[in-house]
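The structure appears below as structure tokens.
The values are calculated or read from the model by the stated rules, or taken from the named source; none is laboratory data. Bear in mind that the values here come from a model prediction, so they are computed numbers and not experimental data. Heads up, the Cβs are rebuilt from the backbone with ideal geometry, glycines too, and the neighbour counts pull from every protein chain shown.
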Amino acid sequence: MKRLTIFLFIALFALPIMAQKRYDEIEYPELNPINMPEIEEFNLDNGIKFYLVEDKELPLINVRVTVKTGGLLVPANKTGLASMTGQVMREGGSENYPADQLNTLLEDNAAFMSTFIGFGSGGASMNVLKEDFETLLPAFVDLLQNPAFPQEKIDLAKTQTKSGISRRNDDQQQIAGREFQNLIYGDNSVYTRQTEYETVDNITREDMIEFHKNHFVGSNMTVGIVGDFDTDDMKRKLREAFGSLPTGSPTNLLYPEVDYEFETTINLVDKPDVNQSYVTMGHIGGLRENPDYPAIQVMNQILGGGFSSRLFQEVRTNLGLAYSVGGSYGSNINYPGTFRLTTMTSSSQTAEAIDAILAEVKKLQEEPITEKELQDTKDRFLNSLVFRYDSKSQILNERINNEYNGLSQDAFDELVEGIKATTIEDVQRVAREYMKPEQVQILVVGNKAEIGDQLNKYGNVNELDITIPQPASDEPQEAGDAAQGQEWLKKMAEAVVEPGTDVESITTVGDQTINSPMGEISVSGTVTINFKENSQNAVLNTPQGKITINVADGKGTQKLGSQEFPMPPAQVQQVQNEIKRSYMSIAIDRSAVDAEYMGTETIGDTEYVKLKINFESPVTYYLDPATSLPMMSTYSQFNPQAGGNQTVKTEYSDWTTVDGVTYAFVTTTYADDEKASSSSTESLEVNK
Amino acid sequence: MKYTTRSTAILLLMLGFLFSFSGVQAQYLEEFEEKVTEFTLDNGLHFIIIERHDAPVASFYTHVNVGGVNEPVGNTGIAHIFEHMAFKGTHYIGTTNWEEEKVAIDNMDQAYQNWLRESYKTDPDSALMEQYWDEFQKYQEESKQYVVNNEFSQIIQQNGGTGLNASTGADFTNYFYSLPSNRAELWFNLEADRFKNPTYREFYVEKEVVREERNMRTESNPIGRLIEEFLAVAYTAHPYGRPVVGWNSDITATTIADAKDFYEKFYVPSNITIGIAGDVDPDQMKEFAEMYFGDLREGEPAPIVTTKEPEQRGERRFTIEGNSQPIMLIGYHGVAESHEDFEALNLLGNIISNGRTSRLYKKLVEEDQLALQVGAFNGFPGSKYSSMFLTLAVPNMNVELDTLEQSIYTEIESVKEGVLTQEELDRARTNIRAGIIRGLNNNTGLASNFASTHNNQGDWREVFLRLDRINEVTLEDLQRVAREYLTKDNRTVGATVRAES
């Protein structure tokens, strides 16, 4: 303290003489000692381990429960079960505290409770004002022990999860993170599994109850409590509250090995609505348990750790190529991490940024770092260590996390010693040994049109399909009779197109009525469908004016007045599928289709023959045995708005024959039994 | 008193509740009166020191009363560009020879200004433009040879600095980081130096970094695009309608001369408040403050924003067609933080959308399952000037935006009919009070909260005194502000929709 006063005195005295003291002329006093809190530990007979730290600064108490469980344990066809179980535990309330009652109780007291299950761990937490602790602790324990899992909350969680799935391709970063993991661990790996519409549908209430029951048991639990309490008193309360939890059996988390083969690939996800490329590149990383772990951390800091790193300096500050850039060789505790370099840069600079980043990795391998760089990096790490102990909850959390991950209590101190001992040679050695810039997989999520051919120099660009998988068809997959199928197919074809008639296209003039949320909309017009070319041209008179829709060669355009718009690919696909599925198309080229006779079905007074035509998504025609003409067809199609399949049914009537072609002049289409559209034809021409 | 009747017991309980409510406020205010030391230097620079001796660390927070709203027309984004420049060093940090570097920087800026002026002509001379551009690049290269990259940030990090960053909003710019508390003097030294001696080093390269930040946050992000468009539609006159990151062409048009001008006007001591929280001695902090900031030029008071948003003449609506799933914003023009209705609108947003018991959550998320997410809050995009009460809605996948929108209006209409209860109001108050308490346990939060509150409301005590105003808001007030502000004519509705639909 005396030294400090003298120093201050000198500084003040010196002020009028010195214009501005340089930062490196400052002398720092000793740092005040760090007060390490006492962590009180005890165990219950049912296996629960408790860690307590008193912190009287604010009248709050925080409880954090860590549970040994995780999504890792869930079978592939139920991916999402763990996280949804974690969600519904809280959302659904418990037996004694139903959701609405619990929510009111908590919010009236400004208290928080949460539950979660992640990939490799699960848990729950509660944060309350200390005066409410005793009232709320029983509710918290009941939530852990007896969650109610009401069906309506499970349905809500499913709806929300599916909405989340439908949004997963909206954000570049999310796409990049997911697809890069797929490249490294493979898309069938437990480490990359995605929750899909179908896996959500597969999850039942019983699955959740079972999953919870197996894992939320005493032998899997660690509880940390920090806040304004008296330790002895708290221990008594905890014993009482947690004592009734079953011991259960400890969960065994087995992390499968990763079999990685180094390869060089260049991959692209096209996202036409962005002007920046999200670049991720790298390869497999390593494990935490590795004598080189401290040296690798020093290397990571120099390569990509924040404002001082080489990537930041070069790619951002010097070249101005990116706002965000970084990279590190990742070391996980239970399975290999990833070596990953990332940046976001304008489309036109994509290759420049990739090259600049890889050059920095190579430089780190080829040239030793400077003594100053090493010392600065160590200083940065060692001088900021004090922040590791700047709150009691942080100290408690580190202790519990080490325990959970099987790390020794002094794991961090060992890292500190390792970093202190790291040399310039160590950094170069680990840079050479662990990073392979010549064998990286590159992933670019960006605007393909703007990027152009920049990526070709890295190899054959592999364009990734990130279409969200739709649930499998709900229709039963029974097999029918193929021979009879061919027979009925021939009968239908000959009823629709008279043998000897060569039909290439048909042109119809008529009205179409579409049922929309705004009511019925009617348009009249002329539609020409060419079945050989799978193309369609429609000229429609709408209230907005004449619209021309043209689909040909796998592309589509819409023209309104002099303005022309491209049609989205999904819509073009839909038009083409409709043509392919139509009875006319089937009749014209029946040798190309595979048909099955599925028996008969009586609808109204008539017994119809069911003829299933096998496309990617099959369509079933209901034939009138007397005329062999289809009276109805059904197929199942994915509706992205609903996140599920819907049944599309079309009824055909007013059959009229023109130039050897028999055509239904009136059709009505229903989606899930709701009328969606209808059409009536006034005239028809063949091969116009 | 041994016996009480039932009704007096209830009355006592209610009184007790009110007492404890203002009691907490008084208790904390008293506690912090002891921990807080305030002083203002002769040049007008204000300091708030909050002692917290639990751990030998401290957080430093500089709040500058300047943001996107203060930018001149044609230079949107300049507050943010200046914020980036504040990390580029000083006259001796980040350079090997400032005297020579400065000459190169001045020449570079002159060449850029020439190029810019030529490029805006109706018939620009391409040979001349090329000549100016070559000149600009030559000087840029020349200036680069003196640069010591990121030295300023590195000094902080080598000394154990953490959480080093800055941000720019519509109303403010702030700079902050934490240090081991024995190194407090380093913060004074560096902070005073960077705001006394800005260099505009690497200005034009950094503008490209800023442009990439814009690309990331706005151009390539569906929500960013929606918000930028929303503000541009909602505001006709007031600068809240302009993007803080700046329009792309304004980023191009901004020169070092513009940035200098901006700095001269707004980075004056009377426009800056500093908060320091942690294991520090206030007397020593005051000595350091005099020593390092005492000679910061006083300057003229910063110019003020005079434009007021005119009354809206009718509902405004727009949609952005794109490839992403739909999101909707509904905003109503409201009031500034200084207005007596501000807290009532805050409470209203809190009551209808905060927590699982709130009306919007219960009805739209749980019962009808229309929304994946819904929220309402007051004070967007700032609070210094008349701002907006904003509702954000993310529909579930089988839900039409129209259905969701109508349901939100139904809930708002019911509030106007007086459907809110005392229980809901009390609950919101309790949660706001607890929220304030929870915010008191970390240095960064304390320093930023106290300094920004002083800047915006003239006194850090408003952190706690705000509870008095919240206590005064009645159910009738909530009904009245809903009727007054949440009207169709006063509304802007914007959404992203899928191109196919």
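In the condition set (1) surrounded by fewer than 23 Cβ atoms within 10 Å (Cβ to Cβ); (2) within 25 Å of A:Gln172 (Cβ to Cβ); (3) more than 9 Å from every other protein chain (Cβ to nearest Cβ), A:Glu314 is compliant with all but (3).
Among the residues of segment B:180-187, is any within 7 Å of chain A (Cβ to nearest Cβ) and without any contact (Cβ under 8 Å) to a residue 60 or more places away in the chain? Within segment B:180-187, one or more residues are within 7 Å of chain A (Cβ to nearest Cβ) and without any contact (Cβ under 8 Å) to a residue 60 or more places away in the chain. Answer yes or no: is there a residue in segment A:242-263 that is within 24 Å of A:Ser94 (Cα to Cα), over 21 Å from the mean Cα position of the chain (by Cα) and of a type in the set (A, V, I, L, M, F, W, C). Checked segment A:242-263: at least one residue is within 24 Å of A:Ser94 (Cα to Cα), over 21 Å from the mean Cα position of the chain (by Cα) and of a type in the set (A, V, I, L, M, F, W, C). Selection over segment A:377-386 of residues that are assigned to a helix (DSSP H, G or I) and surrounded by 19 or more Cβ atoms within 10 Å (Cβ to Cβ) gives a count of 5. So, B:Leu372, is that one over 21 Å from the mean Cα position of the chain (by Cα) and buried (at least 22 other Cβ atoms within 10 Å of the Cβ) or not? Here the answer is yes, as B:Leu372 does meet what is asked. Just checking, how many residues over segment A:177-229 are polar (S, T, N, Q) and assigned to a helix (DSSP H, G or I)? Looking only at that region, the number is 7. Mind checking which pairs have a first residue in segment B:290-306 that is modelled with pLDDT of 95 or more and a second that is part of a helix (DSSP H, G or I) and surrounded by fewer than 16 Cβ atoms within 10 Å (Cβ to Cβ), Cβ under 9 Å, 6 or more apart or different chains? Matching pairs, first to second residue: B:Glu290/A:Leu12; B:Met291/A:Leu12.
Look at A:Tyr635 and say whether it is closer than 16 Å to A:Ile579 by Cα, part of a strand (DSSP E or B) and modelled with pLDDT of 85 or more. Yes; evaluated as a whole, the condition is true for this residue. Scanning segment B:150-161 for residues that are of a type outside the set (Gly, Ala, Ser), within 7 Å of another protein chain (Cβ to nearest Cβ) and either touching a residue at least 40 places away in the same chain (Cβ under 8 Å) or surrounded by fewer than 21 Cβ atoms within 10 Å (Cβ to Cβ) (or both) yields a count of 3. When you look at B:Ala447, is it in contact with a His (Cβ under 6 Å, 6 or more places away or on another chain), among the small types (Gly, Ala, Ser) and modelled with pLDDT of 95 or more, yes or no? Taking the combined requirement at face value, the residue does not satisfy it. Residues that are within 8 Å of chain A (Cβ to nearest Cβ), at least 2 per element: which helices (runs of 4 or more DSSP H) completely within segment B:188-269 meet that? By residue number, B:203-214.
Selection over segment A:93-104 of residues that are more than 10 Å from chain B (Cβ to nearest Cβ) and more than 30 Å from the chain's Cα centre (by Cα) gives a count of 5. Screening B:Glu417, B:Glu400, B:Glu423 for residues that are closer than 25 Å to B:Arg469 by Cα, within 12 Å of another protein chain (Cβ to nearest Cβ) and surrounded by fewer than 19 Cβ atoms within 10 Å (Cβ to Cβ) leaves exactly one candidate, B:Glu423. Among the residues here, A:Asn614 qualifies as under 30 Å from B:Met397 (Cβ atoms), polar (S, T, N, Q), out of contact with any helix residue (DSSP H, G or I) (no Cβ under 8 Å at 6 or more places or on another chain) and surrounded by fewer than 17 Cβ atoms within 10 Å (Cβ to Cβ). Listed by first and then second residue, the pairs linking a residue in segment B:347-372 that is within 18 Å of B:Ile470 (Cα to Cα) to a residue that is surrounded by 18 or more Cβ atoms within 10 Å (Cβ to Cβ) and acidic (Asp, Glu), with Cβ atoms under 7 Å apart and 6 or more places separating them unless they lie on different chains, are B:Ile351/B:Glu424; B:Ile352/B:Glu411.
Can you find a residue that is at positive phi and at pLDDT 95 or above anywhere in segment A:37-55? Yes, that holds for at least one residue. Looking only at segment B:332-351, residues that are surrounded by 24 or more Cβ atoms within 10 Å (Cβ to Cβ) and among the small types (Gly, Ala, Ser) come to 2 in all.
Taking the criterion of being away from chain B (no Cβ under 14 Å) and not in a loop (DSSP other than H, G, I, E, B), the residues of segment A:242-276 that qualify are A:Phe242, A:Thr265, A:Ile266, A:Asn267, A:Leu268.
For segment A:74-88, the count of residues that are without any contact (Cβ under 8 Å) to a residue 40 or more places away in the chain and under 30 Å from A:Pro256 (Cβ atoms) is nonzero. For B:Leu164, indicate whether it is more than 15 Å from B:Ile81 (Cα to Cα), surrounded by 21 or more Cβ atoms within 10 Å (Cβ to Cβ) and either within 8 Å of chain A (Cβ to nearest Cβ) or in contact (Cβ under 8 Å) with a residue 60 or more places away in the chain (or both). So B:Leu164 fails the test. Per the listing A:Ser408, A:Ser347, A:Ser328, A:Ser384, the residue uniquely of a type in the set (S, T, N, Q) and touching a residue at least 60 places away in the same chain (Cβ under 8 Å) is A:Ser347. Of all the numbered requirements in (1) assigned to a helix (DSSP H, G or I); (2) more than 33 Å from the chain's Cα centre (by Cα); (3) not basic (Lys, Arg), A:Ser408 misses one, and that requirement is (1).
Sub-6 Å Cβ pairs linking a first residue in segment A:567-580 that is more than 14 Å from chain B (Cβ to nearest Cβ) to a second residue that is assigned to a helix (DSSP H, G or I), at least 6 apart or interchain, are A:Ile579/A:Ser585, ordered by first then second residue.
Among the residues of segment B:427-451, just one is out of contact with any Phe, Trp or Tyr (no Cβ under 7 Å at 6 or more places or on another chain) and either away from chain A (no Cβ under 14 Å) or on the phi > 0 side of the Ramachandran plot (or both), namely B:Asn449.
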